[in-house]
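The structure appears below as structure tokens.
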Amino acid sequence: MRVDGDLTHYSLLGFREKPDLATAEEYVAAGEYWWNSGMFVWGTDVILSEYHKNLPGHLAVLEAVPLGGGAEEIPAAALREAFASLPSLSVDYGVMEHAANVRMIGATFEWSDLGGWVALEEYLPADDHGNHFRGRLATLDARANIVFCADPGELVALVGVDDLIVVRAGRRTLVVPRWRAEEIRQLVAQLEDDR
């Protein structure tokens, strides 16, 4: 890779994940805060050291997972069991809010925090009736739906429905009205509890 120009980087004075509305408004008004896109780069030794300092319980559980011959050989069941025993805590809250010696590179490219199925609409092609899709789609009197197939060769057919999100992945199918998309998290939690 050959580049021209200087790379501008900054030392982080603090990292705050998902501030409340009042704090976020303060940050925007001040004009001296940056938005975290969630893209991190670190050496293995650095992130393991931060986990050791900030999330030692997580590190101990994950170190106990048998690795076999490499990451591709980690038994899925062992990972599920290890993660199920840990409290749900993102790297943003658990590590980045406490990490020292962090650098940031400013970026000017377009970026979207997908965050949910409705956001896919911006990235998926649409038919003449505003149905956005990945996969094969057949419709009759169907409008403004979002259809996502993990297998792009899979066919979904819609008749007389509007404003739905339909997701197909393997043997699983999710169908939800767009306006209730935020409730998917509750369903996922319920399914995990039922395991």
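Every number here is computed from the coordinates shown, using simple stated rules; none is lab data. The shown structure was predicted, so the numbers you read here are calculated from the model rather than taken from an experiment. Cβ sites come from the backbone with ideal geometry, for glycine too, and all protein chains shown count toward neighbours.
What the table shows:
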quantity	calculated
Kirkwood Rh (inverse of mean 1/r, distinct Cα pairs), segment 1-111, angstrom	16.9 Å
Where labels lie 7 Å past Cα in the beta-carbon direction, separation of Ile105 and Trp35 in nm	2.0 nm
Ala60-Asp92 FRET efficiency (beta carbon distance; Förster radius 22 Å; 0.05 resolution)	0.60
Between segment 86-113 and segment 145-181, the alpha-carbon center distance in angstrom	32 Å
Kirkwood Rh (inverse of mean 1/r, distinct Cα pairs), the chain, angstrom	20.9 Å
FRET efficiency for Leu12 and Glu121, using Cβ-Cβ distance with R0 set to 45 Å, rounded to 0.05	0.85
For the chain: relative contact order, % (alpha-carbon pairs under 8 angstrom, 6 or more apart)	15 percent
Max mean-square fluctuation residue, GNM over the chain, Cα-Cα springs under 10 Å, options Asn101, Asn145, Asn36	Asn101
Backbone HN-Hα couplings from phi across segment 175-187 [Karplus 6.51/-1.76/1.60, Hz, Gly and Pro as x]	10, 8, x, 3, 5, 10, 4, 5, 7, 4, 4, 5, 5
